[in-house]
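Read the figures in this text as sums done on the coordinates, not as results from a lab. Quick caveat: nothing in here was measured; it's all calculated off a predicted structure. Virtual Cβ from ideal backbone geometry, glycine too; neighbours counted across all protein chains shown.
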Amino acid sequence: MAVSEKAPLRVLFATPEVAPWVKTGGLGDVSAALPAALAEAGIEVRMLVPAYPALVAAFPGRIPLVQVERPGAELLPATISCVALQPRLELLLVECPAYYERHGGPYQDRSGRDWPDNALRFGLLSRLAALLASSETPLDWRPDVLHCNDWQTALAPAYLRYRHEAGAASVTTIHNLAFQGLFPMARIHALDLPVAAMTIEGVEFHGRISFLKAGLQHSDRLTTVSPTYAREICEPEHGFGLDGLLRHRRDRRSGDLVGILNGIDTRQWDPATDRSIAARYGARSLALKQLNRAALGERLGLALQADTPLLGMISRITRQKGADLVIDAAPELLARGARVVVLGSGDADLEARWRALAAAHPGRIAARIGFDEALAHLIEAGADLFLMPSRFEPCGLNQMYSLAYGTPPVVRATGGLADTVVDCTPRTLADGTANGFAFGPPTTEALLAAVDRAIEAWREPATWRRLQRNGMARDWGWGPAARQYADLYRSCLRAGQ
Ligand code: ADP
């Protein structure tokens with residue numbers, strides 16, 4: 001589709017989460033910040049999101065635009081309504097109370113079970129994304145590019161292919177390849193997909209429907225959230241069976257798979273302006289960080305000591321995030337006098353192990369199981385070191401928050417962690433790039449060795465200040481990523497001309 005150089009680029013950004021209203025992880029943060037940064041850069045963006053209860057409550061004045069009576073097959077009718085968020089940025093809500101207005105999470109009920117009709121719930125979101133991006137759209141606004149995010153929207157490029165004559169260029173972003181949206185083949189009719197789609201070149205994956213594969217197969221371009229993760233998912237170890245397809249897309253002449261590092265929302269995450277912390281500070285007033293340390297210790301009942309560090313961790317409590325590595329390392333961390341605070345929720349057995357550790361070591365280990373945005377800010381500001389030993393990490397936001405907050409992270413060198421954390425060595429200290437500590441093997445021993453190096457550096461105030469300031473000096477905001485996405489959108493339009 002041709003676009004004039006002068007007309008603003010139009011992007012329909014389809015996503016299942018948007019912070020602060022609906023967020024289970026980094027995708028919610030990305031969906032809040034990236035569309036805003038794109039709009040600031042002059043792109044017209046409409047964000048398509050299910051009208052979950054939190055969004056319905058937040059926007060009582062939303063304006064209904066259109067009712068889609070027959071989205072297809074067993075998919076329920078929906079109304080699309082609209083809210084203006086900022087210049088050039090609107091939220092389009094998919095209102096279908098039977099699918100989306102439920103008590104529980106966006107994907108699971110309160111007891112952690114997947115909603116049984118997730119295929120239809122996110123089939124509808126994908127179906128409407130395709131409709132709005134097609135020549136048959138009922139709206140008077142038609143995008144140049146449809147940008148899908150993760151499996152929940154990744155069926156849209158397949159609908160564009162199988163159900164519409166003409167449509168926008170499509171981009172699918174993989175925020176985490178581990179979640180693929182796999183459903184029984186029998187759902188194909190309910191989802192309004194033709195039987196012809198149930199092939200290896202279509203949406204089929206080992207006898208099931210894979211929403212994510214549909215996007216990987218049918219989108220014009222694929223992105224993921226860091227350059228290192230883009231390479232890793234092309235290898236069997238991190239490819240979840242899709243590495244062959246990803247290699248194929250990467251190796252095409254147009255280089256269809258690219259890694260674009262996420263940014264952080266500096267309106268929310270800046271220690272100089274953060275309203276959730278005890279004392280605001282910057283790279284030149286790092287002494288004030290101590291006040292946050294003290295406030296955090298007091299809030300959690302930790303007996304802090306001046307000569308041993310406070311280690312913080314905020315994440316889903318899962319093996320992906322290396323929660324088990326830290327739990328196994330806990331006795332050794334305590335033997336070094338360290339204090340540990342963990343905030344998160346996830347696998348029941350790992351949560352139970354954290355609770356047991358906290359109960360066995362009051363004043364030395366604090367475990368807060370649950371979601372607590374304000375406490376997350378105070379941990380980033382108050383901890384001395386941040387732990388993020390992920391087995392794999394598409395991008396990761398928390399290590400960037402900790403870098404911006406002068407809390408050097410200890411990470412496993414993988415995915416986005418490898419692209420953001422520069423291991424402290426004599427060479428990287430000398431050239432001014434060192435900002436944290438990275439280790440290789442996913443073992444407790446390797447984690448402890450990195451923590452030991454970090455504690456040694458923490459005890460040298462001049463070295464520590466350099467590390468902190470190196471991390472704080474870099475612009476972690478969304479500007480650079482927004483420019484790369486804009487270039488990508490334009491390149492896929494040029495290719496389609
Ligand atoms: P994920 O793989 O979960 O998307 P990221 O590091 O990319 O991991 O993003 C996680 C986001 O969720 C961050 O904004 C982080 O601060 C936040 N987060 C995770 N767990 C919690 C929690 N228990 N309380 C508050 N914020 C949390």
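Per residue, the average separation of C-alpha pairs within less than 8 Å and at least 6 apart gives segment 1-81 a relative contact order of 25 percent. For segment 235-327, dividing the convex hull volume of the Cα atoms by the residue count gives 187 Å³ per residue. Using C-alpha pairs under 8 Å with a sequence gap of at least 6, the mean separation divided by the residue count of segment 194-259 gives a relative contact order of 27 percent.
Whole-Hz Karplus values for segment 74-85 come out as 8, 5, 6, x, 8, 10, 9, 10, 9, 9, 7, 9 Hz, taken residue by residue from phi with 6.51 cos²θ - 1.76 cosθ + 1.60 and θ = phi - 60°; glycine and proline positions read x. So, R0 is 25 Å and r is the distance between the beta-carbons of Arg469 and Gln290; what FRET efficiency does that work out to, to 0.05? About 0.95, to the nearest 0.05. Using only Cα atoms, tell me the angle between helix 26-40 and the longest principal axis of the chain; keep it within 0 to 90° and round to the nearest 10. Helix 26-40 sits at roughly 70 degrees to that axis.
A cut-off of 5 Å between modelled amide H atoms, ignoring neighbours fewer than 5 places along the same chain, links Arg391 with Lys321, Gly322. Return the percentage of antiparallel bridges among DSSP beta bridges fully within the chain, rounded to the nearest 5 %. In the chain, DSSP labels about 30 percent of beta bridges as antiparallel. Over segment 1-136, calculate the relative contact order: mean separation of alpha carbon pairs under 8 Å at least 6 apart, over the residue count, as a percent. The normalised contact order for segment 1-136 reaches 22 percent.
Derived value for the chain: Kirkwood hydrodynamic radius 23.5 Å. Basis is the mean of 1/r over every pair of different alpha-carbon atoms.
In the chain, helices alone account for a calculated mean residue ellipticity at 222 nm of -11000 deg cm²/dmol, with every DSSP H run of four or more residues adding -39,500 (n - 2.57).
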